[in-house]
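Here, each number is a calculation from the coordinates, and none is a lab measurement. Keep in mind it's a predicted model, so treat the numbers as computed, not measured. Don't worry about glycine lacking a Cβ; one is built from the backbone with ideal geometry, like all the others, and counts go over all protein chains shown.
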Amino acid sequence: MGIFPAAEARGPIIALEGWVRRHIRKCFWLRWHGRKGRLRNLRRLGLSGIALGVATSRRGAWRVAAQPELQQALSNTALRRTGFLFPSDLAVT
């Protein structure tokens, strides 16, 4: 048994964290349904001007989730406010 088994087991989980955040953003995007809902929610999250063009994107939800505009609107702080926790937020005991 190693001296740092918890630290070694935590590495792969943290490596998946970026994928998990993108998947959560994709779920928000799909939940907002059409163009009107997406515009309304992006405005509510603080986007304005040309950045709102992402609301009319014809790309799929997974590709839109990687757009900088959506990452700005649904930042890690915003996701934490909605109740999501990430492995990097948890302290190692």
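Axis angle, to the nearest 10 degrees, between helix 35-44 and the longest C-alpha principal axis of the chain: 60 degrees.
Taking a Cβ cut-off of under 15 Å around TRP19, the surrounding Lys, Arg, Asp and Glu residues balance to a net charge of +4, with basic ones at +1 and acidic ones at -1.
Students often get this wrong, so try it: which of (1) 46, 22, 19; (2) 49, 32, 17; (3) 55, 23, 20 is Cα extents along the principal axes in Å as calculated from the structure shown? Of the listed options (1) 46, 22, 19; (2) 49, 32, 17; (3) 55, 23, 20, (3) comes from this structure. Counting only DSSP H runs of at least 4 residues, each contributing -39500 (n - 2.57), and dividing by the residue count of the chain, the helix-based mean residue ellipticity at 222 nm comes to -15500 deg cm²/dmol. Across ALA66, ALA55, ALA15, mean-square fluctuation computed from a Gaussian network of the chain (C-alpha pairs under 10 Å connected) peaks at ALA15.
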